[in-house]
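Derivation of every value follows stated rules applied to the coordinates shown; laboratory data play no part. Keep in mind that what you see is a predicted model, and the values were worked out from it rather than measured. Using ideal geometry, Cβ is built from the backbone for each residue, glycine included, and neighbour counts are taken over all protein chains shown.
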Amino acid sequence: MTTALVTGATAGLGAAFARALAAERRDLVLVARDAERLSATASDLRDRFSVDVEVLPADLASVDGCELVEKRLADASRPVELLVNNAGIGLRDAFLENPIEDEERMLALNVRAVMRLTHAAVPGMVTRGHGDVLNVASVAGFGVTAPGSTYSATKAWVITFSESVHLTLRQHGVRVSAVCPGFVRTEFHSRAAIPTENIPDVLWLDADDVVRDALADLRRGRPTSVSSVRYKVLGGIVRYAPRPVFLRLIGRAARTVGR
Ligand SMILES: NC(=O)c1ccc[n+]([C@@H]2O[C@H](COP(=O)([O-])OP(=O)(O)OC[C@H]3O[C@@H](n4cnc5c(N)ncnc54)[C@H](OP(=O)(O)O)[C@@H]3O)[C@@H](O)[C@H]2O)c1
């Protein structure tokens with residue numbers, strides 16, 4: 001049996017990744033901060049899927065927390081064949097309205113942890129000649145978001161990073177892919193107190209569908225995965241529209257909603 005390590009595995013997309021991978025009969029290493037919730041998630045997965053599940057409580061916004069997980073990823077005696085860098089947070093307000101400490105925490109979790117954990121996991125994968133890394137980004141990373149949060153910038157980093165390392169690592173049998181979901185009903189928005197009542201139903205995706213598509217796209221060797229036709233179209237427009245046109249439209253939309 002192969003082993004996958006999933007960060008942010010106790011809720012939302014991370015929990016959906018953990019379920020899908022356990023259903024594929026992979027052993028798991030689950031990472032999040034809340035140790036009690038990790039243990040409950042692990043014992044549920046063991047009972048339902050008869051797989052081995054380790055838990056690793058760690059705050060990935062801190063270097064100490066990252067180092068704990070890096071040590072596990074670099075342990076050649078217990079290889080991790082799939083790393084899912086999923087843990088991430090958003091912020092509700094515009095850049096200048098947020099305390100700089102909140103901005104730094106988001107950058108540390110959404111960017112630094114992804115970089116550090118990939119750096120720790122990939123050498124062993126290259127030596128073994130195979131391995132996979134899935135980095136959860138967002139369609140927000142294709143463009144810019146009103147009201148000017150740096151969230152989209154962190155996710156743009158994840159997409160560009162994943163595409164770049166994908167190019168250099170595929171010759172060593174290592175696949176890297178950025179997962180770019182649209183809105184998914186998870187704890188993400190309530191954690192950041194981001195209002196969701198004005199988001200139309202049609203824009204919401206199901207976490208299990210996003211995960212199914214991400215794993216299928218990884219197997220196909222695609223460097224990015226966008227789930228659902230509607231987000232393929234929307235994401236494509238945002239990604240490939242001429243930047244000045246896109247910025248003008250976003251600016252107008254932001255003025256309309258009063259931000
Ligand atoms: N939901 C969406 O609409 C959406 C859309 C596009 C992209 N995404 C991306 O999808 C990923 C997963 O988000 P989600 O919606 O599933 O969020 P979620 O439901 O809020 O789950 C977040 C998970 O990450 C863990 N986590 C949070 N901070 C952490 C930290 N400092 N260190 C370690 N673990 C931490 C949480 O557990 P603890 O609190 O116990 O640590 C939890 O397991 C994120 O990267 C997010 O940016 C989400």
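For a test of the definition: using alpha carbon positions, the gyration tensor, and the 1.5 limit on a/c, classify the range 178-228 as rounded, prolate or oblate.
prolate
Can you give the percent of C-alpha pairs in the chain whose distance is more than 33 Å?
17 percent
Enumerate by residue number the GluC sites (Glu not before Pro) in the range 1-103 meeting two conditions: DSSP loop (anything except H, G, I, E, B), and at most 15 other Cβ atoms within 10 Å of the site's Cβ.
Filter output for the range 1-103: Glu24.
When the dipole is taken about the Cα centre of the range 3-256, and only Lys, Arg (+1) and Asp, Glu (-1) are charged at their Cβ, what size is it in debye, to the nearest 20?
Charge dipole, the range 3-256, about its Cα centre: 1020 debye, nearest 20.
How large is the helix-only mean residue ellipticity at 222 nm for the chain, computed as the sum of -39500 (n - 2.57) over DSSP H runs with n ≥ 4, divided by its residue count, in deg cm²/dmol to the nearest 500?
Using -39500 (n - 2.57) per qualifying helix, the result is -15000 deg cm²/dmol.
Take the Cα coordinates of the range 135-245, assign each an equal point scatterer, and use the Debye formula without solvent to give log10 I(q)/I(0) at q = 0.10, 0.15, 0.23 Å⁻¹.
Reported log10 I(q)/I(0), two decimals: -0.30, -0.68, -1.42.
Can you tell me, using C-alpha contacts under 8 Å and at least 6 residues apart, the relative contact order of the range 3-256 as a whole percent?
Answer for the range 3-256 is 17 percent.
Largest first and in whole Å, give the semi-axes of the range 1-151's equivalent ellipsoid, each being the square root of 5 times a Cα gyration tensor eigenvalue.
28, 17, 14
I'd like the GluC sites (Glu not before Pro) in the range 134-229 restricted to DSSP loop residues with at most 13 other Cβ atoms within 10 Å, sorted by number.
Glu187, Glu197
Quick one: what does P(r) look like for the range 68-221 with 10 Å bins over all Cα pairs, in whole %?
Pair shares across the bins are 11, 38, 34, 15, 3.
Net charge within 11 Å of Gly221 by Cβ-Cβ distance, Lys/Arg positive one each and Asp/Glu negative one each, not counting Gly221 itself?
+3
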